[in-house]
Amino acid sequence: MMYATTTTTLVVPFTDEVGSPHWQRKMEMLTECETTNYIDLTTANSCEMLLRACRISCLDEKEMYFEPRETWGKVILGDKGERIAFEQQQQQQQQQENSPPTTSNNNKTFFVSPRNETSAHAMAQTLLMPANENECNNNNSNSSEEYPLPPLELRQRVLEQLRSIRVQTLEKDAKDFEDIERARRQGIPTSTSASVVCKIETKGYAVALTKWAALQGKDANVSKVAPCLLSSMNDARGLCATEDIRAGENILEIPRRMLLDAGTICISEQGPFGDLLRILERCGADTIMTLWIMKERMKMKTKQETFWSLYFLSLPDGSQKLTPLSWPEEIVRVGLGNTPIFETVMHERQKVRNGYDALLPSLLANCPESFEGNQEEFWSYDQYISALELWMSYAMTVKPVHNSDSGTIDVLSPVAFFCNHGIYPHCVHYSQLRLSDECLVFPAMRDIEKNEEIMLSYGAKSNGELLLFYGFCIDDNPYDSIDITLDFDSLNGVEKPEVRKRREELLVKHDLTLNHAIRKNAELPIDLIATIRILCCEKELVFLYDGDPKAREISMLSESKASDALFTALSAIRSSMSSTDAIEHRAPEEWRAANQHYLNECKKYIRGLFQVIDVALEQVSMWRQTSSLAAKKLGKRTHRDFL
């Protein structure tokens, strides 16, 4: 079939700043992967070329930082034979074993990350889908002259190929991961794990909220979903599909007028309290929304119905402690003491306390007309931290059609906030309001079966981030990581100012900092290794050195010192942490049962830390043993290395 008068090329967008290091590296990857970001859809392998370009475009900053020695280009190209052999090996192991799955069953991946692969498929799907309803009905593209789209018929052919690839790879990996996670919770072998049971709720505030949302106009689309209780998660709430939803269809459509944000509240809230919020608007959205949620909860408890009542009746009430910011302090000390996140949690707790002390007592004393109800019952610190946690845990960041000063706003979206976080989400691109009608749209990027739980992505967050902001952790979280901050004095003692200045100059020259990280299932970052090489370089060489520490060792002596230093630092972190058994022993028996949920999340977090550190220590041990050979292998390859 010929397309002589129209374009057959689809353009894959790259959002990195042109000329930046990340942009330059991604351009190199396009060459390594034998593709470009201009995809001719008439070629036989156009779908695979499109996916490669989308994978490269969707690499985030952390994935660029953790690029392996073999480069992401080789990972993106993939090895189908290796995958088939691995799957056959797994099947044999499952037939021989009759025990709950372990972490080793899920460590092998054949793409950059679940986040990257999901985002790449979502981007490709968006580029191939009809531009609007008119194009779908008339087969005429309404794309602009600047960015013309190939004919819809051609895009739909490639879209079917994309679906086939997704079913065979991404959806299969998603099912395997979900089966393992569900079996672990239930303590049964993976092979006997049944599909997740979603018990659709038929009564209660969550159901009432969904019905209310459906009545807010034709542009509010919540007909394909329902709140549910998840039996595998102790009847925790989620959102499930009430019918089959095909990839490309919208799961939800929430009009702008139903989204709660600080700007809307400052405009709509009336009376003395509204006047006060407008005065405090410069304090930021978090302050505005925290105070307003406190007032809405006060109205609920005093039987004052408002337009937004069902939002908060269907969400956790003020008695629930969602995150370590409000957990009892003894839980935080017992469960998180001697972990990397402990100081951050204690700092944030104090920061929130200071914020309350600096704001509420003064407002209550000087503006009593703005605050209804009993101050101790409705405007206490406990109510303040609970409202702040609710806002932090359930708000979504979106980009409005008419940009705010910051370009994004945080909103509460009804019904959508029932969705739980998933490593393999059904929807990833939901941060842009639709231009035509300012609806917040949640497109499905893979098929969802009837009665299946609908998962969103909160982002590629480590367990530390998930615990701090949402109060939960995930076993086998592929994004689990530990931050490492290096310093001059601990490695070299107090040096002469000119020596330290020279080391600082070398760090700047090679775009390196003292702040680094290690991640589960990732190789030691080359930037981390290069930084330690500079910090451990002999004083006699530091002024003479003019090489690239990312490419190879500076000297044999400094390489040995660098590997020893990193091994010592990681070992110190590991030895300082308590085991999960120690947490149980330290927890007083009289309150252990009542606080078991918090302790369980702490133990998940700690198990993940040990996994991250143990993998890193194994790699550093190899580096120490092989010295200069390992330095060559760990270094970033240059063009000369391939000659």
Exposure of ARG166 as accessible area (Å², to 10), given a probe of 1.4 Å and all protein chains: 10 Å²
I'd like to know which of GLY238, VAL225, LEU280 lies farthest towards the positive end of the charge dipole of the range 225-280, counting +1 on Cβ of Lys and Arg and -1 on Cβ of Asp and Glu. LEU280
Considering only the chain, percent of DSSP beta bridges that pair antiparallel, nearest 5: 90 percent
For q values of 0.21 Å⁻¹, compute log₁₀ I(q)/I(0) with the Debye formula on a Cα-only model of the range 490-597, without solvent. -1.15
Equivalent-ellipsoid semi-axes of the range 1-71, from the Cα gyration tensor, Å, largest first: 27, 13, 9
Per residue of the range 577-592, what does 6.51 cos²θ - 1.76 cosθ + 1.60 with θ = phi - 60° give for ³J(HN,Hα)? Whole Hz please, x for Gly and Pro, Karplus curve as stated. 8, 8, 6, 5, 5, 5, 5, 4, 5, 6, 6, x, 4, 5, 10, 5
Heavy atoms only, probe 1.4 Å: what % of the accessible area of the chain goes to carbon and sulfur, would you let me know? 50 percent
Return the long-range amide H neighbours of LEU239 (sequence gap of 5 or more, or a different chain), with a cut-off of under 5 Å between placed amide H atoms. CYS228, ASN420, ILE454
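I need the fraction of alpha carbon pairs in the range 392-524 separated by more than 21 Å, rounded to a whole percent.
The answer is 61 percent, as a whole percent.
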The value for the chain (convex hull of the alpha-carbon atoms, volume per residue, Å³) is 199 Å³
Provide, as a two-decimal number, the C-alpha radius of gyration of the range 251-329 over 2.2 N^0.38 Å, N being how many residues it has. 1.21
Please give the FRET efficiency for SER575 paired with GLU538, using the beta carbon to beta carbon distance and R0 = 25 Å, rounded to the nearest 0.05. 0.30
Trypsin sites (Lys or Arg not before Pro) restricted to DSSP loop in the range 407-463 with at most 12 other C-beta within 10 Å: LYS450
Calculate the FRET efficiency for LYS74 and GLU348 from the Cβ-Cβ distance with a Förster distance of 41 Å, rounded to the nearest 0.05. 0.50
What the Cα atoms of the range 303-394 span along the principal axes, largest first and in whole Å, is 45, 32, 18
DSSP H helices in the chain with Cα extent of 27 Å or more along the helix axis and mean Kyte-Doolittle hydropathy at least 0.0? 556-576
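Length gain on complete extension for the stretch THR397 to GLU61, per 0.36 nm per residue less the alpha carbon to alpha carbon distance?
Residue separation times 0.36 nm, minus the Cα-Cα distance, leaves 119.1 nm.
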Which of the trypsin sites (Lys or Arg not before Pro) found in the range 228-298 are in a DSSP loop and have at most 13 neighbouring Cβ atoms, other than their own, within 10 Å? ARG246
Rounded to the nearest Å, the spacing of the alpha-carbon centers of the range 491-531 and the range 47-71 is 25 Å
Per residue of the chain, what 222 nm ellipticity follows from adding -39500 (n - 2.57) for every DSSP H run with n ≥ 4, rounded to the nearest 500? -15000 deg cm²/dmol
As a quick test, which of the pairs LYS62/LYS224; LYS299/LYS461; LYS203/LYS303; LYS62/LYS175; LYS351/LYS550 have an alpha carbon distance above 30 angstrom in this structure? LYS62/LYS224; LYS299/LYS461; LYS351/LYS550
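Roll a 1.4 Å probe over the protein chains and send me the accessible area per residue for the chain in Å².
Value returned for the chain: 48 Å² of accessible area per residue.
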FRET efficiency, 1/(1 + (r/R0)^6) with R0 35 Å, evaluated for VAL18 and VAL499 via beta carbons: 0.40
For all pairs of alpha-carbon atoms in the range 297-342, what percent lies in each bin of width 5 Å, listed from the first bin to the last filled one? 5, 17, 21, 13, 11, 10, 9, 9, 4, 0
Distance from the Cα centre of the range 534-565 to that of the range 414-437, in angstrom? 47 Å
When the C-alpha atoms of the range 243-377 are aligned to their principal axes, what extent does each axis show, in angstrom, from largest down? 51, 46, 30
Quick check: pseudo-label points 7 Å beyond the Cα along Cα→Cβ at HIS421 and PHE610, how many nm apart are they? 2.2 nm
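The values are calculated or read from the model by the stated rules, or taken from the named source; none is laboratory data. Since the structure is predicted, the reported quantities are computational estimates derived from the model, not experimental observations. Note: ideal-geometry Cβ built from the backbone for every residue, glycine included; neighbour counts use all protein chains shown. Note: areas computed on protein heavy atoms with side chains; ligands, DNA, RNA excluded. Shrake-Rupley method; radii C 1.70, N 1.55, O 1.52, S 1.80 Å.
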